[in-house]
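Undergrad: To start, I am sharing the structure in question, which I have written as structure tokens.
Just so you know, all these numbers are worked out from the coordinates, no wet-lab data involved. All values reported here derive from a predicted model rather than from experimental measurement. Cβ placement follows ideal geometry from the backbone for every residue including glycine, while neighbour counts extend to all protein chains displayed.
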Amino acid sequence: MTQAARDTKALESSLYMQAARRVPITLVRGEGTRVWDDTGKSYLDFVAGIATNSLGHAHPGLADVIAKQAHTLIHVSNIYFSEPQIELAELLIGHSSLDRVFFSNSGAEANEAAIKLARKWGRQNRNGAYEIIATNNGFHGRTMATISASGTPRYREPFEPTVPGFVFVDYDDLAAVKAATNERTAAVFVEPLQGEGGVNVPDAGYLRGLRAWCDEQGMLLMLDEVQTGCGRTGTLWAYEQAGIEPDIMTLAKGIGGGVPLGATLAKEHAAVFEPGDHGSTFGGNPLATAAGAYVLHQLIDTDLVANVRARGEQLSRRLKGLEDRSPLVGGERGAGLLRGLELTQDVAGEVVVRALEAGLLLNPVRPNIVRFMPPLNVTAAEIDEAVDIVERVLQDVGG
Ligand SMILES: *Cc1c(COP(=O)(O)O)cnc(C)c1O
């Protein structure tokens, strides 16, 4: 380890609130799917900033757009109009089933806006209904309202009392949603596929069933596409694969290619904010939305989403193939380039540490699930290289 590497580790432990356990490497540079640490060691990056670096690292086109915007206008208050923001809004509304957008800086903030919309919508349209049905193992962020909506008790309990009005049911259980519905219910709030919860793919009819139930009851269906949106699952939005349209959809992670950006989209009838209801100083500023517009153009105008489907199928096939080669592999699941490798023992942490040593970044999203989320422009050769590393690493795990 170099002097610089040792110093970063020591400084981190003395300077930072220890809010999360970090992987003890310092990344200094990236190019495409590859990153380098401060010792010069390179890694294939199948974490991509947690499904955020959608175009990979140091993408020349994205870097140029950001640099040009920085030389032109980085930030203006949302009390004025700005051109990159309008351009991104047109792309989002023109290429989704939603009608209006509110820009913020992160997934949690996008979801805060969604929760506020549901509360106000219920007040105006469903006799003051305010409850939101959310799911066990669902994840919506770390602010007070979004931990209150997240289905992992450990994230909520240290900070109780949480925001009232959230009811939890099991994911992929339509009957449980029906049973939890009452006159106070304003909305159902789910991820099309649970990412942080362990790459949990619901039954094909789940979202359709939720849509029909919300229509029948006169409630909002809100989809958190912070992780699944912007091409990640092989279509521009994951909801397309279910053949439904949500009333509200939230985005962040991949939308800015790594620049902080969040968006809350709503159908006209659910877009109930009026002047003074909500705001954000940085939300959708020119720098972030110029990056977002560039990423959206790549998704819409190039074969990037087709690449997600092709490389996603390749990754799925290769991970499934490991079942025959290692008793530790129990299967694989996911969609597009958001994939989970299921292990037969709780060794995801060890697999990830050994992969890191072998030059591959992966994420142990659950004790028995390793998550793969490479850049959307990952190549076939990089998929093969990554799975080859996983195959070698599995031979050493537990040994
Ligand atoms: C990551 C994530 C969030 C939180 O996003 P932040 O930008 O970290 O606030 C919310 N919902 C889902 C589904 C996510 O994956």
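Undergrad: Placing unit charges on C-beta atoms (Lys and Arg positive, Asp and Glu negative, everything else neutral), compute the dipole magnitude of the chain about its Cα centre in debye, rounded to 20.
TA: With Lys and Arg at +1 and Asp and Glu at -1, about 500 debye.
Undergrad: Once you have the Kirkwood Rh of segment 348-399 from its Cα pairs, apply Stokes-Einstein at 4 °C and 1.567 mPa s and quote D in µm²/s.
TA: 115
Undergrad: Report, in listed order, any pair from LYS9/LYS116; LYS267/LYS320; LYS68/LYS120; LYS9/LYS68; LYS68/LYS253; LYS116/LYS253 with a Cα-Cα distance greater than 32 Å.
TA: From LYS9/LYS116; LYS267/LYS320; LYS68/LYS120; LYS9/LYS68; LYS68/LYS253; LYS116/LYS253, over 32 Å: LYS9/LYS116; LYS267/LYS320; LYS68/LYS120; LYS9/LYS68.
Undergrad: Also, quick follow-up: Can you figure out the FRET efficiency of THR302 with THR281, using R₀ = 35 Å and their beta-carbon distance, to the nearest 0.05?
TA: That gives a FRET efficiency of 0.60.
Undergrad: So, one more: Given only helices, namely DSSP H runs of n ≥ 4 each adding -39500 (n - 2.57), what is the per-residue ellipticity at 222 nm of the chain, to the nearest 500 deg cm²/dmol?
TA: -11500 deg cm²/dmol
Undergrad: Right, something else. Rank the residues THR235, THR281, THR146 as a footprinting-exposure proxy: fewest other Cβ atoms within 10 Å of their Cβ go first.
TA: THR281, THR235, THR146
Undergrad: May I pose another question? Helix 107-125 sits at what angle to the longest principal axis of the chain, using alpha carbons and giving 0 to 90 degrees rounded to 10?
TA: For helix 107-125, the angle is close to 20 degrees.
Undergrad: Something else now. Taking the Cα of ASP64, stepping 7 Å toward and past its beta carbon, and measuring to each backbone N in segment 280-294: which are under 14 Å?
TA: Only 294 fall inside the zone, counting backbone N under 14 Å.
Undergrad: Multiply the residue gap between ASP396 and SER77 by 0.36 nm, knock off their C-alpha separation, and tell me the result in nm, one decimal place.
TA: Between ASP396 and SER77, full extension yields 109.4 nm more.
Undergrad: How many nm separate the modelled label positions at SER14 and GLU313, each set 7 Å beyond the Cα in the direction of the Cβ?
TA: Label at SER14, label at GLU313, 5.5 nm between them.
Undergrad: Hey, another quick one. Can you tell me the 0 to 90 degree angle between the C-alpha axis of helix 3-15 and the longest principal axis of the chain, rounded to 10?
TA: Here the helix axis deviates by roughly 40 degrees.
Undergrad: Moving on. With just the Cα atoms of segment 244-399, tell me how far they stretch along each of the three principal axes, in Å, largest first.
TA: Sorted largest first, the three principal extents are 62, 32, 31 Å.
Undergrad: Taking the Cα centre of segment 73-301 as the origin, how large is its charge dipole in debye, to the nearest 20, when only Lys and Arg (+1) and Asp and Glu (-1) carry charge on their Cβ atoms?
TA: Using Cβ point charges on Lys, Arg, Asp and Glu, segment 73-301 gives about 400 debye.
Undergrad: Give me the Kirkwood hydrodynamic radius of the chain in Å, from all C-alpha pairs, to one decimal place?
TA: About 21.8 Å for the chain.
Undergrad: Taking the inverse of the average 1/r across all pairs of different Cα atoms in segment 73-301, what Kirkwood radius in Å do you get?
TA: Hydrodynamic radius (Kirkwood, Cα pairs) of segment 73-301 is 17.5 Å.
Undergrad: Count the net charge of all other residues whose Cβ sits under 14 Å from the Cβ of GLU240, scoring Lys and Arg as +1 and Asp and Glu as -1.
TA: Overall, the nearby charge balance is +2.
Undergrad: Let me ask another. Using Cα pairs under 8 angstrom and six or more residues apart, how large is the relative contact order of segment 150-273, in percent?
TA: Relative contact order comes out at 18 percent.
Undergrad: Which value in nm describes the separation of the simple spin-label points at ARG21 and ARG100, placed 7 Å from the Cα toward the beta carbon?
TA: Rounded to a tenth, the inter-label distance reads 4.5 nm.
Undergrad: Which order results if MET249, MET219, MET144 are arranged by neighbouring Cβ count within 10 Å, fewest first?
TA: If I rank by nearby Cβ atoms, fewest first, I get MET144, MET219, MET249.
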